Amino acid sequence: MKSLIGAVTTATLILLAAGTARAEMYIGGSLGHAVTVPPVAEDSVNWWNNSHYVPGNDCGSVGCYSEQDPSGALKFFAGYQINPWLGVEGFLAYLGSYEGFATDGWTEAYTTADIGSLGLAAVGHIPLGSGRVSLLGKIGLHSWSIEGNEQIWDNWIDDGASGSFDESGTDFMGGIGVNINFGDHAAMRIEYEFFRAETANTEFGIGFLSVGGMYRF
């Protein structure tokens, strides 16, 4: 992973050096909804339940279910547009709050988790027509974190316990979208992004659909 990060950094410096007079900086923010992405949705919500609470059982056979809390998600971003076709962008995103429940008939487990992401991506643009509208695609790396609480209740002994957890790592992300320009400075962006993460227990993905605005300097 260190070599990959180094390669991305080197490529970014080369692209910056090749910039044209069109280069410009921008900032922006987006609001939307983030969901776990099939076929890893069950793992992404219930992986703590599976690995910590119900050893040896699978959620598909013990009556587990998962429920996503539609509390919304948001992102702040800042970038450098090298030319009409290529830019580099950094971002900070809150990818929502999630809930999971699992039971084997005797033991019940309940998990809540908040997911965040900090990353850097290369952004490619394909201008359409006059250039007011452009398609965009991005690929990059992000540092993700999961923080949450867990509760377990044993109906056999009528007792339970609770605790907290904190996991983090670095993985790939990517996205596609549309950029709509309103004059020289303001623009609207519609995006779908995918954030991948892998832990010692499982791998999962979060899909983020958002609408936002940006301002060019």
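The values are calculated or read from the model by the stated rules, or taken from the named source; none is laboratory data. Nothing here was measured: the structure is a model prediction, and the numbers come from that model. Note that each Cβ is placed from the backbone with ideal geometry, even for glycine, and that neighbours are counted across all protein chains shown.
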Residues satisfying the stated conditions in region 106-150, i.e. within 22 Å of Leu86 (Cβ to Cβ) and not in a strand (DSSP E or B): Gly129, Ser130, Gly131, Arg132
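Filter region 105-119 for residues that are among the β-branched types (Val, Ile, Thr) and within 17 Å of Glu147 (Cβ to Cβ) and give the result. Explain how you work it out, then say what you get.
Pass one, region 105-119, residues among the β-branched types (Val, Ile, Thr): 107, 111-112, 115.
Listed by number, the residues that qualify are Thr111, Thr112, Ile115.
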Flag if Phe208 is under 24 Å from Leu31 (Cβ atoms) and modelled with pLDDT of 90 or more: yes
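Among residues belonging to region 157-199 that are of a type in the set (Val, Ile, Thr) and not in a strand (DSSP E or B), point out the one that is farthest from Tyr94 (Cα to Cα). Full working, then the answer.
Taking region 157-199 first, the residues of a type in the set (Val, Ile, Thr) are 157, 170, 176, 178, 180, 190, 199.
Of the ones still in play, those that are also not in a strand (DSSP E or B) are 157, 199.
Working: Ile157: 38, Thr199: 19 Å.
Going through the qualifying residues, I end up with Ile157.
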Answer from Ile180, Ile206, Ile190 - the residue that is out of contact with any Gly (no Cβ under 7 Å at 6 or more places or on another chain), closer than 23 Å to Phe77 by Cβ and surrounded by 14 or more Cβ atoms within 10 Å (Cβ to Cβ): Ile206
First in region 156-180 and among the aromatic types (Phe, Trp, Tyr), second anywhere and part of a strand (DSSP E or B), Cβ under 7 Å, 6 or more apart: Phe165/Gly148; Phe165/Glu150; Phe172/Leu141; Phe172/Arg196
